[in-house]
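Working notes for the structure below.
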Amino acid sequence: MPRLFVNFFALMLGVLLCAACASTRPSAGGGSAYLFTSFHDADQKFLRFLYSYDGYHWTNVPGTFLEAKVGASKQFRDPSLVRGRDGIFHLVWTSAWHGDQGFGYASSKDLIHWSEQKFVPVMTNEPTTVNVWAPEIFYDDAKTNFIIVWASTIPGRFPDKLEKHDNNHRLYFTTTRDFKTFAPTKLFLDPGFSVIDGFILKDQYRHVLICKDNSRPSLNLRVSFSKSPLGPWEYISAPFTQQFTEGPCALKVNGDWLIYFDAYREKIYGAMKTRDFNTFTDVTKQVAFPPEHKHGTAFRVPRDVLEKLLTANPR
């Protein structure tokens, strides 16, 4: 074979390989990746993680990383996680389907080794409270504190309409700087209907609240806006997802916000894409999640955090 042809063939092969590498290069950035907290309905006992390099295709991190040990049922659902300025990860979760008047909490430096778990009793001032569902944690840079929002039913507090007397939720919140002392619980949102699964994010100059309209027959997701992460929230939008969707969280990927949600009747995880929280594109067919993944929080981490998780030999 002539040398000129061999050299040309080698050059073209190199070009093709480089192009292939470029097309599969992670979009999270060379030094970062994405994680998603998770749990499984089958056991409801363990913290799990998914990982992704593009925000669309998610894979299980092998193993489990925390076993719930607090609360009446020692249950583990709806894990929400955020990283503070000091680099510490803070995790909250639903510790019981019904009966508990608080939620679980633990912290970690590396997502592998965890502090002693605490039960945070946030609704004991309302003794008839039925539940404390899906606590979501948000770090407020301006006030350097953590805001925790959850859904509770206090029977008779609000008109039931089509809701059952013990299933008419509103959102409540507390704040803390150190997870040792917590501000008195206050009402966070009463939109005039049952609401759960409140997720706060900061979008440039404003804050966005994504929540589930849990009233019948809606059962879908809406958004609202405020200058402050504590409101007041200007208005509640029309639904942007179909019926039977819940557990929203959002991640910014390449200039787009991806809003992930649990389409629980279809038993799939879906996603909407938006840049302005006014127009939404359904990208459910473009995302891929492992079976059994449930309600969690997606966030960006340095690549070395993921690499240590993947080789952690977890329990």
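Laboratory data are not the source of any read-out in this text; all were calculated from the coordinates shown. Note that the structure is predicted; figures quoted are calculated from it, not measured. With ideal geometry, Cβ positions are generated from the backbone for all residues, glycine too; neighbour counts draw on all protein chains shown.
Quick look at the values:
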| item | result |
| --- | --- |
| Whichever aspartates and glutamates have a C-alpha closer than 13 Å to that of LYS308, once near sequence neighbours (fewer than 8 apart) are set aside | ASP110 |
| For region 182-315, size of Cβ-based charge dipole, Lys and Arg +1, Asp and Glu -1, in debye | 200 debye |
| Ascending count of other beta-carbon atoms within 10 Å, so fewest first, for SER107, SER228 | SER228, SER107 |
| Helix axis angle, 3-23 relative to the chain longest principal axis, alpha carbon, degrees | 0 degrees |
| Cα centroid separation - region 201-280 against region 51-116, whole Å | 22 Å |
| For region 266-315, convex hull volume per residue from C-alpha positions, Å³ | 138 Å³ |
| Calculated from backbone phi, Karplus (6.51, -1.76, 1.60) coupling profile of region 305-312 in Hz, x at Gly/Pro | 5, 5, 4, 5, 4, 5, 10, 7 |
| Region 32-310 - charge dipole about Cα centre, Lys and Arg +1 at Cβ, Asp and Glu -1, debye rounded to 20 | 260 debye |
| Whole-Hz ³J(HN,Hα) from phi, Karplus 6.51 cos²θ - 1.76 cosθ + 1.60, for region 116-127, glycine and proline x | 4, 6, 10, 9, 9, x, 8, 10, 5, 6, 10, x |
| Dipole-positive endmost among SER107, PHE188, GLY296 within the chain (Cβ charges, Cα centre) | SER107 |
| Helix-only CD estimate at 222 nm, as mean residue ellipticity for the chain, using -39500 (n - 2.57) per DSSP H run (n ≥ 4) | -3000 deg cm²/dmol |
| Alpha-carbon radius of gyration plus Dmax, which is the widest Cα pair, for the chain in Å | 21.4, 88 |
| Rg over Rh [alpha-carbon atoms, Kirkwood Rh] for region 100-197 | 1.01 |
